[in-house]
Amino acid sequence: DTEVTQTPKHLVMGMTNKKSLKCEQHMGHRAMYWYKQKAKKPPELMFVYSYEKLSINESVPSRFSPECPNSSLLNLHLHALQPEDSALYLCASSQNTGSSYNEQFFGPGTRLTVL
Amino acid sequence: GDSVTQMEGPVTLSEEAFLTINCTYTATGYPSLFWYVQYPGEGLQLLLKATKADDKGSNKGFEATYRKETTSFHLEKGSVQVSDSAVYFCALRGSFGNEKLTFGTGTRLTIIP
């Protein structure tokens, strides 16, 4: 299984809502990532988890809260978002973070719209 | 810091034409280099990679060679198909256990029948 799955595929939320994005992989990877991608732009790294511990937070606002309950799952909790947070949110995983050889496998993304 | 400079798009070609998308990079040490493809409405898929100088990555008829002397990793395909229409991202990952992927700006490719 070389797949990263993400749910939901689409999400529309108001600025006062709380929602969560979910990501799952069963490749035994120990590094997982959240990216944000705006239209016609490359993905921007948000968070990196390595062995279920947060290792990188790219100065992301606290209205985004990541969680890694176990080595296969990665969540992104959303609260009090702004319309400018509307984007495609991509999850990725890699074998680990210790080598530049390890490619990242991406999920299909969740398209988020904040009203 | 690390950076990737990618050919500006959009690129429009006729079916069966030869494709080149230029990519150059700046990085310390010996990064690994990647090409990712993003089809409309989808996530990124790894197309090919190369992890050391003179390595050639290849997949689905696409090729790219890691040229350290010119710091380049140009993507080529001899005969493109309509199904190759997508956005292509060149990316590098640093050589010191750096988890971050540095992406180019992406090149939108459209193939017309």
Problem set entry | Among the candidates A:Ala39, A:Ala80, A:Ala31, A:Ala87, residue that is more than 8 Å from chain B (Cβ to nearest Cβ) and surrounded by 20 or more Cβ atoms within 10 Å (Cβ to Cβ) | A:Ala87
Exercise. Only one of these conditions is not met by A:Gln6: (1) touching a residue at least 12 places away in the same chain (Cβ under 8 Å); (2) farther than 14 Å from A:Gly107 by Cβ. Which number is it?
Worked result: (2)
For this session: Looking at (1) farther than 15 Å from A:Glu103 by Cα; (2) within 14 Å of chain A (Cβ to nearest Cβ), find the lone condition where B:Lys49 falls short.
Result: (1)
Exercise. What do you reckon, is B:Ser95 within 9 Å of another protein chain (Cβ to nearest Cβ), touching a Gly at 6+ places or on another chain (Cβ under 6 Å) and farther than 21 Å from A:Ala87 by Cβ?
Worked result: yes
Seminar exercise, completed: How many residues of the stretch B:2-29 are open to solvent by 80 Å² or more (accessible area, probe 1.4 Å), in a loop (DSSP other than H, G, I, E, B) and on the phi < 0 side of the Ramachandran plot? The answer is 4
Exercise. Are any residues in the stretch B:30-53 over 18 Å from A:Lys38 (Cα atoms), among the hydroxyl-bearing types (Ser, Thr, Tyr) and either assigned to a strand (DSSP E or B) or in contact with a Phe, Trp or Tyr (Cβ under 6 Å, 6 or more places away or on another chain) (or both), and if so, which ones?
Worked result: B:Ser32, B:Thr51
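Yes/no per residue for (1) within 14 Å of another protein chain (Cβ to nearest Cβ); (2) within 15 Å of the chain's Cα centre (by Cα); (3) crowded, with 19+ Cβ neighbours inside 10 Å:
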| residue | (1), (2), (3) |
| --- | --- |
| A:Leu54 | yes, yes, no |
| A:Pro61 | no, yes, no |
| A:Phe64 | no, yes, yes |
| A:Pro69 | no, yes, no |
| A:Ser93 | yes, yes, yes |
| A:Asn96 | yes, no, no |
Problem set entry | Complete set of residues in the stretch B:11-38 that are closer than 30 Å to A:Lys9 by Cα and more than 10 Å from chain A (Cβ to nearest Cβ) | B:Val11, B:Thr12, B:Trp35, B:Val37
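Only one residue in B:Phe62, B:Phe89 is surrounded by 14 or more Cβ atoms within 10 Å (Cβ to Cβ), closer than 22 Å to A:Glu44 by Cβ and at pLDDT 95 or above. Which one?
The unique qualifying residue is B:Phe89.
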Exercise. Given the conditions (1) open to solvent by less than 70 Å² (accessible area, probe 1.4 Å); (2) more than 10 Å from chain B (Cβ to nearest Cβ); (3) under 16 Å from A:Arg111 (Cβ atoms), which single one is not true for A:Lys19?
Worked result: (1)
For this session: Please state which of the following conditions B:Gln81 fails to meet, knowing it meets all the rest: (1) open to solvent by 30 Å² or more (accessible area, probe 1.4 Å); (2) under 25 Å from A:Lys36 (Cβ atoms).
Result: (2)
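The values are calculated or read from the model by the stated rules, or taken from the named source; none is laboratory data. The structure presented is a predicted model; accordingly, all values stated were derived computationally and were not measured. So basically every Cβ, Gly included, is an ideal-geometry build from the backbone, and we count neighbours across all protein chains shown. Accessible surface areas use protein heavy atoms only, side chains included; no ligands, DNA or RNA. Shrake-Rupley method; radii C 1.70, N 1.55, O 1.52, S 1.80 Å.
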